[in-house]
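Working notes for the structure below.
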Amino acid sequence: MKPPITYETFQTLDMRVATILTVEAVAGADKLLKITLDVGELGKRVVAAGIKQWYGPEELIGKRVVYLANLEPRVIRGIESQGMLLAAGESEAVLLLPEKPSTAGAVVR
């Protein structure tokens, strides 16, 4: 288990519902997908996600996922990744999906 954080630290995380608009394989990368998201009022965002071995582009488009919006951007294989999709699992990545319909940009609490 990781060290505990305070509630105030948790409150600094900006998690949102996002809709996957486009998905592209990244040339030369076995695990990486370039994903464009609609995050409602935050606009479109791009993330580089290492989920290619578990998800194909065709099955991701249109899905609503949980997105960490205020992660510091990082360049991965030439792609500026502007956040992170949240996933669970030890041996495979299982994307976290809202149980009920919710709008793009909705705040995760």
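No lab work stands behind these numbers, since they all come straight from the coordinates. These numbers were taken from a predicted model, which means no experiment stands behind them. Cβ atoms come from the backbone with ideal geometry, glycine included; neighbour counts cover every protein chain shown.
For segment 68-77, which residues satisfy the criterion of being within 22 Å of Ala29 (Cα to Cα), touching a residue at least 24 places away in the same chain (Cβ under 8 Å) and either surrounded by 16 or more Cβ atoms within 10 Å (Cβ to Cβ) or not basic (Lys, Arg) (or both)?
Ile76
Using the structure shown, decide if Leu21 is in contact with an Asp or Glu (Cβ under 8 Å, 6 or more places away or on another chain), under 23 Å from Ala106 (Cα atoms) and of a type outside the set (Gly, Ala, Ser).
Answer is yes for this residue.
Conditions tested, residue by residue: (1) closer than 23 Å to Thr9 by Cα; (2) among the hydrophobic types (A, V, I, L, M, F, W, C).
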residue: Leu37; (1), (2): no, yes
residue: Gly83; (1), (2): yes, no
residue: Ser91; (1), (2): no, no
residue: Glu99; (1), (2): no, no
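Evaluate segment 86-96: report whether one residue or more is touching a helix residue (DSSP H, G or I) at 6+ places or on another chain (Cβ under 9 Å) and on the phi < 0 side of the Ramachandran plot.
Yes: segment 86-96 contains one or more residues that are touching a helix residue (DSSP H, G or I) at 6+ places or on another chain (Cβ under 9 Å) and on the phi < 0 side of the Ramachandran plot.
In the list Glu80, Glu92, Glu41, Glu59, which residue meets the criterion of being without any contact (Cβ under 8 Å) to a residue 24 or more places away in the chain and among the acidic types (Asp, Glu)?
The conditions single out Glu59.
With respect to the numbered conditions (1) surrounded by 11 or more Cβ atoms within 10 Å (Cβ to Cβ); (2) of a type in the set (Asp, Glu); (3) farther than 22 Å from Val108 by Cα, which one is the sole condition not fulfilled by Glu90?
In the conditions (1) surrounded by 11 or more Cβ atoms within 10 Å (Cβ to Cβ); (2) of a type in the set (Asp, Glu); (3) farther than 22 Å from Val108 by Cα, Glu90 misses (1) alone.
What number of residues within segment 90-100 are assigned to a loop (DSSP other than H, G, I, E, B) and within 14 Å of Val66 (Cβ to Cβ)?
Counting residues in segment 90-100 that are assigned to a loop (DSSP other than H, G, I, E, B) and within 14 Å of Val66 (Cβ to Cβ) gives 6.
I'm told Lys31 meets every condition in (1) surrounded by 13 or more Cβ atoms within 10 Å (Cβ to Cβ); (2) within 28 Å of Val107 (Cβ to Cβ) except one. Can you identify the failing condition by its number?
(2)
I'm checking my understanding of the structure. Among residues of segment 1-57 that are among the acidic types (Asp, Glu) and more than 25 Å from Glu90 (Cα to Cα), which one is nearest to the chain's Cα centre (by Cα)?
Only one residue tops the list, namely Asp38.
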